[in-house]
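These notes are about the structure you will find just below.
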Amino acid sequence: MIQPRTLKGFRDYLPEAMIPRERLIDTARRVYRSFGFAPIDTPALEYLEVLTGKGSDETDKQLYRFQDHGGRDVGLRFDLTVPLARFAAQHIGQLGTPFKRYHIATVWRGENTQRGRYREFMQCDFDTIGTTAVAADIEAILVINDLLAAIGFDKFTIHVNNRGILNAVLRQLGLADQSTAVLRALDKLSKAGWEKVEAELCESAGASHEQATAILDFSQLRGGCDEVLSAVEPMISSDADGEAALKRTREMMHAVSSAGVPDHRVKIDVSIARGLDYYTGLVFETTLDDLPGIGSIASGGRYDNLADLYTKQQLPGIGGSLGLDRLLSAMEELELIETSQTTAEVFIPLFEASRLGDYLKLAARVRAAGIGCEVYPEPKKLGKQLQYADKKGFKAALIAGGDEFANHQVQVKNLGTGESTTVALTAEAVVKELMRVLS
């Protein structure tokens with residue numbers, strides 16, 4: 001006998017876990033489409049050369065890689081952005097620019113597992129390709145805001161920064177050549193803490209103690225948008241690229257506020273670096289105010305050079321991603337997920353096998369009104385059937401035996417309260433009472 005088990009970092013999804021997962025995916029899809037993003041898909045497997053050297057040394061180590069049956073070096077995608085760069089370079093002539101896409105699919109990383117993080121997980125990405133306009137950056141923040149609000153959150157914070165500002169600070173400190181190592185170390189600050197990041201800055205990035213301290217001091221700047229940016233301004237006043245990044249960030253923040261996003265939801269956080277090497281401008285991470293320890297549940301940024309390896313055409317990009325599995329873990333911890341093992345709301349017990357056609361006809365009328373409905377397949381005792389309905393999480397039951405059919409009636413039972421109402425056995429009457437019970 002083979003022991004049924006899953007690999008470490010991988011998991012099965014039972015209906016009670018998969019139903020809220022699909023609900024979040026449907027919400028993300030609806031919000032992305034409302035901004036004009038179109039769906040695409042790409043293969044799970046890519047040529048290895050497409051994937052390596054695009055994210056970071058860490059993601060290269062985490063790649064699931066092997067040779068296929070044709071002897072080709074291939075790898076499983078570790079995110080959806082690198083495949084998008086290849087996709088855009090290959091098809092942009094047909095698509096045109098700006099090209100706005102969303103992609104909801106599985107990715108794989110052979111990393112250490114932790115709370116809310118697995119080796120196989122799903123990303124819900126949206127991106128705009130082919131423009132450097134600040135309007136695209138602004139829209140990315142608006143999408144994240146609308147997405148979290150649509151899911152049902154009110155208390156969340158979108159932390160934003162600009163790689164251009166960080167790079168300017170590093171140039172002022174004489175660490176421009178070590179920027180990649182510095183930014184990777186800085187990205188670990190919220191998890192590893194000051195001392196460990198300081199040690200990594202000195203050991204891996206070659207920073208002196210004074211340089212490391214200056215970087216970490218800079219990362220602690222806090223306050224409102226204008227307050228933080230005003231504090232940064234003199235630090236990079238002689239750096240043209242840094243000043244341009246600062247101006248762009250200020251413009252973006254004011255526009256986001258003008259668009260109606262509450263000021264407390266979007267904050268300048270100069271410690272945000274994002275660990276992937278391909279980011280060039282805006283970077284952002286989103287945390288839940290009631291559970292900040294679980295980490296970012298939606299993140300992204302601008303990458304203007306990623307497609308350069310695949311095409312001579314300039315294809316700058318900006319986008320973000322919802323961390324679906326991490327968000328679900330957070331919602332479970334906050335007890336925000338309604339447990340159910342069924343996708344239907346209404347249950348019809350089967351009293352008499354000879355009347356199966358009548359029960360199926362009743363169910364069809366309910367479904368025609370847009371309400372999910374399941375008919376039990378066997379004429380067991382009513383108590384047994386209602387136990388099944390309770391376990392699965394149905395909200396209402398339609399109960400009809402010989403007497404009810406003879407009188408052209410049906411009982412509508414609220415499975416939450418136990419209350420029952422008898423109504424006429426017509427589609428209009430049944431649906432009206434169900435809508436009342438389910439509301």
Qualifying residue in segment 250-259 (condition: out of contact with any His (no Cβ under 6 Å at 6 or more places or on another chain), crowded, with 22+ Cβ neighbours inside 10 Å and within 30 Å of Thr52 (Cα to Cα)): no
Matching strands (runs of 3 or more DSSP E) fully within segment 43-117 where at least 1 residues are among the aromatic types (Phe, Trp, Tyr), under 28 Å from Tyr32 (Cβ atoms) and open to solvent by less than 30 Å² (accessible area, probe 1.4 Å): 99-108
Residues of segment 391-407 satisfying the condition of being aliphatic (A, V, I, L, M) and out of contact with any Cys (no Cβ under 9 Å at 6 or more places or on another chain): Ala396, Ala397, Ile399, Ala400, Ala406
Residue in segment 148-157 that is under 26 Å from the mean Cα position of the chain (by Cα) and in a strand (DSSP E or B) present: yes
Boolean, Gly164 is over 24 Å from Lys61 (Cα atoms) and assigned to a loop (DSSP other than H, G, I, E, B): no
Which listed residue is open to solvent by 50 Å² or more (accessible area, probe 1.4 Å), at pLDDT 95 or above, among the hydrophobic types (A, V, I, L, M, F, W, C) and out of contact with any Asp or Glu (no Cβ under 9 Å at 6 or more places or on another chain), from Ile40, Ile2, Ile25: Ile2
Test set (1) at pLDDT 95 or above; (2) at positive phi - Glu335 fails condition number: (1)
Exclusive hit being over 30 Å from Met122 (Cβ atoms) and within 35 Å of the chain's Cα centre (by Cα), set Ala353, Ala389: Ala389
Filter result (within 20 Å of Ala245 (Cβ to Cβ), of a type outside the set (A, V, I, L, M) and either at pLDDT 90 or above or in contact with a Lys or Arg (Cβ under 9 Å, 6 or more places away or on another chain) (or both)) within segment 167-218: Asn167, Arg171, Gln172, Gly174, Ser179, Asp187, Asp217, Phe218
Filter pass, Asp137 being out of contact with any helix residue (DSSP H, G or I) (no Cβ under 9 Å at 6 or more places or on another chain) and modelled with pLDDT of 95 or more: no
Residue that is surrounded by the fewest Cβ atoms within 10 Å (Cβ to Cβ) [pool: residues in segment 304-325 that are under 19 Å from the mean Cα position of the chain (by Cα) and not hydrophobic (A, V, I, L, M, F, W, C)]: Asp325
Odd one out for His264, checked against (1) surrounded by 16 or more Cβ atoms within 10 Å (Cβ to Cβ); (2) in contact with a strand residue (DSSP E or B) (Cβ under 8 Å, 6 or more places away or on another chain); (3) on the phi < 0 side of the Ramachandran plot: (1)
Hits in segment 384-419 - residues which are of a type in the set (Gly, Ala, Ser) and more than 23 Å from Gly370 (Cβ to Cβ): Gly401, Gly402, Ala406, Gly418
Test result for Leu7, over 23 Å from Arg274 (Cβ atoms), open to solvent by 40 Å² or more (accessible area, probe 1.4 Å) and touching a strand residue (DSSP E or B) at 6+ places or on another chain (Cβ under 9 Å): yes
Test: residue in segment 321-333 that is over 30 Å from Phe37 (Cα atoms) and either touching a residue at least 40 places away in the same chain (Cβ under 8 Å) or among the basic types (Lys, Arg) (or both): yes
Residue that is β-branched (Val, Ile, Thr) and closer than 21 Å to Asp304 by Cβ, where the choices are Ile2, Ile40, Ile19: Ile40
The one condition in (1) open to solvent by less than 30 Å² (accessible area, probe 1.4 Å); (2) without any contact (Cβ under 8 Å) to a residue 40 or more places away in the chain that Ala136 fails to fulfil: (2)
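The values are calculated or read from the model by the stated rules, or taken from the named source; none is laboratory data. Predicted, not measured: the structure shown is a model, and the values here were computed from it. Cβ: placed from backbone, ideal geometry, glycine included. Neighbour counts: every protein chain shown. Only protein heavy atoms, including side chains, enter the accessible area calculation; ligands, DNA and RNA are left aside. Shrake-Rupley method; radii C 1.70, N 1.55, O 1.52, S 1.80 Å.
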